[in-house]
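As structure tokens, the structure follows; a few thoughts come after it.
The values are calculated or read from the model by the stated rules, or taken from the named source; none is laboratory data. Model, not experiment: these values are computed from the prediction. In case anyone asks, the SASA skips ligands and DNA or RNA and just uses the protein heavy atoms, side chains included. Shrake-Rupley method; radii C 1.70, N 1.55, O 1.52, S 1.80 Å.
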Amino acid sequence: FSSNAADADFYPDPETALGVEEALFKTLYPQVFAGHAKNSCPLFVSQPGKIQMTGLECITTIANMHKYQWHAMIHGAGSEYRARQRADADFRRFQSVAILDLDGLGLGTVTGSVMDMIKHQSYVDSLCFPETMNRLVVINAPG
């Protein structure tokens, strides 16, 4: 993994990582934890087809979005798992259920920058956090 990320404690402050308010970033890059699944795992929803890359590139940089991915996994997801453990004594495996909503995803929306973000997130998640995936549900896949 990135030694720069480790040296920066994996960017504990999302706004410092992004250089912009996290809420603004999430309006242009919709991915959030949204409650929990029936199996008690935190529920993560990502909508890559709704990424507004032009807007994102106006408010932050690709490098800052990569920093934010480290923040999201170490600090954001970690907080979600710990909160779930406090709420449910039977929750022992730090895993989440992810919904990947591909609505709006097509050749016109998958630009080089969008693919760079998706590849970087996949790289970080699969290299450093493969054990956190309980299930992945893909919906609205293009036909």
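Hey, can you find the accessible area per residue of region 1-141 for me, probe 1.4 Å, expressed in square angstrom? Let's see the in-between values first.
Details: 7720 Å² over 141 residues.
I get 55 Å² per residue for this part.
Of the heavy-atom accessible surface of the chain (probe 1.4 angstrom), what whole percent is carbon and sulfur?
Details: 4400 of 7940 Å².
The nonpolar share, carbon plus sulfur, comes to 55 percent.
Probe radius 1.4 Å, ligands and nucleic acids left out: which of Cys58, Cys128, Cys41 has the largest accessible area, and how do the rest follow?
Working: Cys58 110, Cys128 35, Cys41 10 Å².
Sorted by accessible area, descending: Cys58, Cys128, Cys41.
Across all directions of projection, what mean area in square nanometres is found for the Cα convex hull of the chain?
Details: hull surface 35.0 nm².
With every direction weighted equally, the projected area is 8.7 nm².
Taking only DSSP H segments of four or more residues, each worth -39500 (n - 2.57), what value at 222 nm results for the chain once the sum is divided by all its residues, to the nearest 500 deg cm²/dmol? Mind showing how you got there, number by number?
On the way: 7 runs with 61 residues, N = 143.
Mean residue ellipticity at 222 nm (helix-derived): -12000 deg cm²/dmol.
Given an 8 Å cut-off on Cα distances and at least 6 residues of separation, report the relative contact order of the chain as a percent.
On the way: 196 pairs, mean separation 41.0, N = 143.
The value is 29 percent.
Rounded, prolate or oblate, given the Cα gyration tensor of region 93-134, with a/c below 1.5 counting as rounded?
Verdict is oblate for region 93-134.
For Thr111, what accessible surface area do you get with a 1.4 Å probe? Give it in Å², rounded to 10.
Estimated to the nearest 10 Å², Thr111 gives 60 Å².
In a Gaussian network model over the chain where Cα atoms closer than 10 Å are linked, find which of Leu102, Leu24, Leu56 has the largest mean-square fluctuation.
Looking only at Leu102, Leu24, Leu56, the largest GNM fluctuation is found for Leu24.
What figure in square angstrom, to the nearest 10, would you give for the accessible area of Val137 with a 1.4 Å probe?
Val137 exposes around 60 Å² with every protein chain in place.
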